Structures are given as C-alpha cells and as structure tokens.
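Structure, as structure tokens:
What follows is calculated from the coordinates using simple rules that are stated; it is not laboratory data. Predicted model, so just to flag it, every value in this text is computed and none were measured. Using ideal geometry, Cβ is built from the backbone for each residue, glycine included, and neighbour counts are taken over all protein chains shown.
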Amino acid sequence: MSTPTAANDRALTWSLRDRRPEDIPVAADPFPDPDAAVSAGTGRGVRVCVVDSGVERDHPAVGRIDGSWVVVKDDDGVRVEATDTGDTCGHGTACAGIVRRVAPECELSSVRVLGERFSGTGEVLMGGLRWAVRQGFDVVNLSLSTTRTRFAQELRELADEAYFNRTVIVASAHNTPVESFPWRFASVVSVGSHHEDDPGLHLYNPRPPVEFFAPGQNVEVAWLGGKTIRTTGNSFATPFITGLAARILSAYPRMTPFQLKSALYLSAANVRLPHVGSGPRSAADGVHQ
Amino acid sequence: MSVENRSVTDPSGPPDDPSARELLQSVVEVARAIFGAQASSVFLLDEEAGELVFQAVSGRGEEFLVGRRFPADRGIAGWVAASAEPMIVDDLAANASFDRSLAQSTAYVPDAIMAAPLMDDDRVLGVLEVLDPAPQSRSSLSDLDLLFLFARQASIALRIVTRQRTGPAAGPGLAPERRTEAAELVRRLERLLVDAPHA
C-alpha cells in the first residue's frame, strides 16, 4: 500500500536545494478521529506478514494464507524458500489467528524462522525479517526477539529501513526483564501484555521503551490441528496491535509509520483527550470476539 | 516423535556425579512444589543432535524418563528452546490438536504446560517444564514472572552440571564441595517455599 510521497523521488536528500516546497507535495489523509481510526477498517488490502514458527494451513481461525515461506540456513548461507510445511509448534498459528480476528480482511503471509535447526537461529531470524521488509509488507508481526547483542546493530538498521519504507514492524517485548531486540528500538511498535479482562483493550505505556500493552493473559488462540488453546505472554498481545495497525491502514492507506503510531497512541484507552471525555474506552470495540 | 534412551556416558545424558544429580533433582522438586504441579522436568538441549534430553524429573515419569531424548524442533519445549522465551499453555487435554506423541510416550498427557528457557548468558542450555500446575497457578502474567525467576536458579544448576562435564575449558564450574553447598541451598529454598503459606 506504500505510495510515493514526493514528486521528486531522488533517493537521498540531506537538504532541500534547488527545489521549493511546491516541488515536494505530499498526498496525505486528514488525521482521523482516534477512535474512528481503529474502528473504520477491516484490514482489507493490507499485507501482513507473521515472522514466527509458520502458520497452519486451513485453520478455521486463521483462514486464507496468501504466502508461506521458510528461512533455510545451510553451507550456502541463509535464503528464503516457499514452503507448505505449516507450523512446527503452534505459536505462529496463534499469532496469525489473532491478527485475523482483529483485521478479518487483511492479507496474511507467513515466514517461518523457527523449527528448522538450532545453530544460527539469530541469522535465520534476521534473514526472515529482512526478507519481509524487502517484500514491502505493510505490517510485520514479530512475536520474537533476540538477546544476542551482536545482532543489535544490524537489526536497528533493518528496523530503520522498514520505518522509512513504510513497513511497520510490530515487535514483542521479551516476557522477562532482559535486554533483547528489536522491540527496544523507537522505529518499531513495541508491545507487552496487560492483565485486564477486556479483550479489545489497548493501552499506551507512559514509560517506554515498551510502548503499548494489549491482551496477553489467558488468551484463547488458534493452535495445531484446527483447534484452540489458551495461553499467556507478550507474544499474543503483539498480533492484537498488528491487527489494529492493519485496520487503521486499510482505512487510511497513506498513513506513515509515525502517523500510525500516533493513531495507536491517541486511541489507547488510557490516553485522555480533552474533547473525548474521561471514561475508559475500548478502542477496538468493533473487533469480533 | 520418537523418544529414546542413550548411554549414561553420553555427554548430554543425565549427570553421573551424585551431587549434580541431586542438584537438578532438587530444582525440579522445588519447581513442582512452587506451582503445585503434577510433574516438573529439566531438559538439556543437545544442539548437535537437535534433541532435548531429560536430565531430571519430579512426579509423573520420574522412574523412567531421565536420559530420554526427543526432537527439539517442535512442540512447546522446542519453541521455548528456540525462542528463549517462557510460555504458558492451557486446555491441551481438551484438544485433539495437541501433539500428543511425546506426551503419550511418557505415559502422561498434561492439560497445562509452563515452560521456561534455561540460559547461560545469551545461550539456551535447556528448558524447565512444569506440567499441570495447580489451577490457581495457571495462566497469569505473575506466574510467568515467578517461572522466570525460578528458571534463573535452575539455569545456574544446569550450568554447573554442564560445565562440570565439559571440563575446565568450558568454564570453571564448581568444586565438589561447592556443588554440595549449592544442593543444600536449593534444599533450604525448597523447605522455605513448601512451608510458606500460598498467596
């Protein structure tokens, strides 16, 4: 859904020389009412990629998968191949099911980065994320992180690349208080869990780096064999925000990642605007439960 | 999913040293006590073979599971080992969806599993699993925190055991008398937790 925003698309501009403001018009949508931003869309036309353990095909809670890929690492290096191997664990299927519930009409693809082998999992994660970013997906759900600091700089550069190319990476905070990446970067949308009962509630964290909280406790999720289980963790809060991002982008396809983050911020139940009233609200009231 | 036993001389098999065995056994017994669980296990990740190996078991399967191996590229323990993230899942027994082959091979199909990675710095050494915790211990974020806290201690125990077996080149490990002290520390913690009133 990314659209060129400048009439002159010279690749890199350190300063505006030889051109005037009228030479660089930007077509944009008016900034929507915060609540309308998340309730207007269904995800239609938005391409979402789940980078995880794969997604089970034909799961009733997931529906159509538009592409399944796997990252393979061998003596020739890391590469991405089409696959029909589904999900080795259930985790990716769970994430995809949550995205589908929140944004029922989005296009869903899967890149499997877990379940092949143990050595080089950091490289495989990097390979899968890089592939998703360069495919130009609108939203990438990453309910994973790495604690290996040697990948931090490369991940940071990739997250920036995604941000400037209008791919929104929605990344899980680690479930335990350890340093891991890329959720700590400002260029991604980072998500942790809250333990409220409202399954449509998202909150903004006034003390980042975790920026948003979403339902992640005792969540019913899609699992292997076409069935469901209940589970707990930041992994399952993240696809809720991914789904909200897809809804917003389907209604406002010209939004940039920074606008999208603002829309998530302004629609969070704990962010009070003077003209909106003081009562808590559930931004995703339209989400099918 | 196949499960097999290998020789006890296998470097990723269960520890030969009695203190090391006792240390790991204490860990799983404390884990089981903390969560009021039916069983608890510590697995070592054998990266080369791509397998997880039962190192210590408390509760169901205690008599025959130690030393058994299963593929590390699938299932909940596999995901925990690969992602280095803890996980809680519930309602497994009610669903035919659960990959039961391993569970059935261990003669026990749990309804709920809590699992946490056992780390050495940023490397996954293995997995701590708690099967069928008491209902009040399930499915909350604070349980995940408690599991993580305890997994840190279990990580240290597993680190001691693996360093001891791989020799000084892999790290200093603990002298036998220190391992005995560590085992005693875990026993005292176990008594403390078992005697403490539940929150």
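List of remarks:
- Shape of chain A, Cα gyration tensor, a/c cut at 1.5: oblate
- Shape of the range A:203-270, Cα gyration tensor, a/c cut at 1.5: oblate
- Within 10 Å of each Cβ in A:229-239, the average number of Cβ atoms from other chains: 5
- Under the shape rule built on the C-alpha gyration tensor, where the axes satisfy a ≥ b ≥ c, the range A:82-201 is rounded, since a/c falls short of 1.5.
- When chain A is treated as a Gaussian network with alpha carbon springs shorter than 10 Å, the biggest mean-square fluctuation among A:P257, A:P60, A:P34 belongs to A:P60.
- For B:R123, no residue 5 or more places off, or on another chain, has a built amide H under 5 Å of its own.
- Neighbour cut-off at most 12 other Cβ (10 Å), DSSP loop, GluC sites (Glu not before Pro), the range A:134-172: none
- Based on Cα contacts under 8 Å between residues 6+ apart, the range A:32-267 shows a relative contact order of 26 percent.
- Here the residues B:E85, A:E211, B:E29, ranked from fewest to most Cβ neighbours within 10 Å of their Cβ, fall in the order B:E29, A:E211, B:E85.
- Among A:S39, A:S143, A:S235, residue whose mean-square fluctuation peaks in a GNM of chain A (springs only between Cα atoms under 10 Å): A:S39
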